[in-house]
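A.B. asks: Dumping the structure here so I can ask a few things about it.
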Amino acid sequence: MAPQRLVSGDLAAEILPLGATLHRLQLRRARGWRDLVLSRDDPGLLVTAYFGASCGRFANRIDRARFTLDGREYRLAANDGENQLHGGPAGFSELLWDVESVTPDSITLSLTSPDGDQGYPGTLQVTAQYSLRPDGLQVVYTATTDAPTPVNLTTHPYFNLDGSASIDDHVLTLPGSATWTVNRDDGIPTGEVRSVAGTGADFRTGRRYSDAHDQAVAEGITRRGGFDHNFPVAGTGLREHARLAAPDGTTLVVRGDSPAVQVYGGDHMGRRGIALETQNYPDAPNHPGFPDSVLRPGQTYRATTQWLVSQPAEPIG
């Protein structure tokens, strides 16, 4: 159960087979290694906050834990009230993945999700390959199936780039997100895609997080007192989804090829970290107007996320 440590230049990562989890992402500074993500206290224990875990078979929420596919209704295991969150009570984040290969700067893990797992149809074969590079970390998810099934895979790290008590003074930029999907109180999209212009949810040119949060609270567009919002990202292919900058100049660029990014400010943890999850829209199987999430036999699901880190102007010793 010990994490696999990868090192490249001034960056290091630790990956856990439990949940195919990004346990640590560290930057070498003059006074030693600095953690950029929040980590679970015991790497052998499951935690409900999904610290760095791989979420699936369908990340985010599915309304009433059910969907209809090719004329048949499927009922899923609920774990968020009557809804399903991040694949169910025994989703991919809860499972021990197999370690397929390890090199000094990469690790590949695999998982077989059987037909009927958490209510989903088809046997799904999944891999997650983490690769450390001089400028950051990349994960590539792939999946194949023997029957049509929704798939939406993501990693769920909480970032805090300078070790401060909260991410309130971090500046968040979502350069490609001119809209957000409106939620019900339980986090399920209503189907409305609304402009962010002039609202607390407008991060296109960069906002101090607490300023945006306070404006959004005043406007009544938060969920449970904070951000837990899906932001569509313009364009296709690998592109910038989000940028996060700490007051000391440490900067993270999140790149991905998924349709959207979920911004979750971790209010239940006192905003000690912010989750920036590249993924499909929440509840996509139940919204014909949302990007298609169905994987069919003969197809290969592929989703890539990159976390690119730049140094502040401090000498490295």
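Computed from the coordinates by the stated procedures, all read-outs in this text should not be read as laboratory data. Computed from a predicted model, the values in this text were never measured in an experiment. Every residue, glycine among them, receives a Cβ derived from its backbone with ideal geometry; neighbour counts consider all protein chains shown.
A.B. asks: Before we move on, is Asp214 of a type in the set (D, E, K, R), part of a helix (DSSP H, G or I) and either touching a Ser or Thr at 6+ places or on another chain (Cβ under 8 Å) or touching a residue at least 12 places away in the same chain (Cβ under 8 Å) (or both)? Reasoning before the result, please.
C.D. replies: Values: of a type in the set (D, E, K, R): yes; part of a helix (DSSP H, G or I): yes; either touching a Ser or Thr at 6+ places or on another chain (Cβ under 8 Å) or touching a residue at least 12 places away in the same chain (Cβ under 8 Å) (or both): yes.
For Asp214, the condition - of a type in the set (D, E, K, R), part of a helix (DSSP H, G or I) and either touching a Ser or Thr at 6+ places or on another chain (Cβ under 8 Å) or touching a residue at least 12 places away in the same chain (Cβ under 8 Å) (or both) - is met.
A.B. asks: Turning to a different aspect of this structure: Scan Arg239, Arg184 and give me the residue that is under 28 Å from His287 (Cβ atoms), charged (D, E, K, R) and in contact with a Gly (Cβ under 9 Å, 6 or more places away or on another chain). Can you show your working first?
C.D. replies: Numbers: Arg184 fails: in contact with a Gly (Cβ under 9 Å, 6 or more places away or on another chain).
Exactly one of Arg239, Arg184 is under 28 Å from His287 (Cβ atoms), charged (D, E, K, R) and in contact with a Gly (Cβ under 9 Å, 6 or more places away or on another chain), namely Arg239.
A.B. asks: Can you pull out every residue in region 241-293 that is closer than 20 Å to Ile221 by Cα and either among the basic types (Lys, Arg) or part of a loop (DSSP other than H, G, I, E, B) (or both)?
C.D. replies: Gly265, Gly266, Gly270, Arg271, Tyr281, Pro282, Asp283
A.B. asks: Here is a further query. Can you find a residue that is assigned to a loop (DSSP other than H, G, I, E, B), of a type in the set (S, T, N, Q) and surrounded by 17 or more Cβ atoms within 10 Å (Cβ to Cβ) anywhere in region 228-240? Walk me through how you get there before you give the answer.
C.D. replies: To start, the set of residues in region 228-240 that are assigned to a loop (DSSP other than H, G, I, E, B) comprises 233-238.
Now drop any that are not of a type in the set (S, T, N, Q), which leaves 236.
Going one step further and asking which of them are surrounded by 17 or more Cβ atoms within 10 Å (Cβ to Cβ), we end up with none.
The answer is no, given that none of the residues of region 228-240 is assigned to a loop (DSSP other than H, G, I, E, B), of a type in the set (S, T, N, Q) and surrounded by 17 or more Cβ atoms within 10 Å (Cβ to Cβ).
A.B. asks: Of everything in region 187-198, what is surrounded by 15 or more Cβ atoms within 10 Å (Cβ to Cβ) and of a type outside the set (A, V, I, L, M, F, W, C)? Give them in sequence order.
C.D. replies: Gly187, Pro189
A.B. asks: Sticking with this one: With the requirement that a residue be under 23 Å from Thr305 (Cα atoms) and surrounded by fewer than 16 Cβ atoms within 10 Å (Cβ to Cβ), what does region 15-32 give you?
C.D. replies: none
A.B. asks: Consider Pro297 against the criteria (1) in a loop (DSSP other than H, G, I, E, B); (2) in contact with a Phe, Trp or Tyr (Cβ under 7 Å, 6 or more places away or on another chain); (3) not small (Gly, Ala, Ser): it satisfies all of them except one. Which criterion is unmet?
C.D. replies: All conditions pass for Pro297, except number (2).
A.B. asks: Working only within region 239-258, note down all residues that are under 16 Å from the mean Cα position of the chain (by Cα) and under 14 Å from Pro175 (Cα atoms).
C.D. replies: Passing the criteria: Arg239, Glu240, His241, Ala242, Arg243, Leu244, Leu252, Val253, Val254, Arg255, Gly256.
A.B. asks: Among (1) outside any loop (DSSP other than H, G, I, E, B); (2) touching a residue at least 40 places away in the same chain (Cβ under 8 Å); (3) surrounded by 17 or more Cβ atoms within 10 Å (Cβ to Cβ), which single condition is Val7 missing?
C.D. replies: All conditions pass for Val7, except number (3).
A.B. asks: Quick one: how many residues across region 161-186 are assigned to a loop (DSSP other than H, G, I, E, B) and buried (at least 22 other Cβ atoms within 10 Å of the Cβ)?
C.D. replies: Going through region 161-186, the residues assigned to a loop (DSSP other than H, G, I, E, B) turn out to be 161-170, 174-178, 184-186.
Filter once more, so that each one left must be buried (at least 22 other Cβ atoms within 10 Å of the Cβ): 161, 167, 170, 174, 177.
Residues flagged as assigned to a loop (DSSP other than H, G, I, E, B) and buried (at least 22 other Cβ atoms within 10 Å of the Cβ) within region 161-186 amount to 5.
A.B. asks: So which residues in region 56-75 are more than 21 Å from the chain's Cα centre (by Cα) and under 19 Å from Pro288 (Cβ atoms)?
C.D. replies: Arg64, Arg66, Phe67, Thr68, Leu69, Asp70, Gly71, Arg72, Glu73, Tyr74
A.B. asks: Is it the case that region 79-95 has a residue that's closer than 17 Å to Asn152 by Cβ and of a type in the set (Asp, Glu)?
C.D. replies: Within region 79-95, one or more residues are closer than 17 Å to Asn152 by Cβ and of a type in the set (Asp, Glu).
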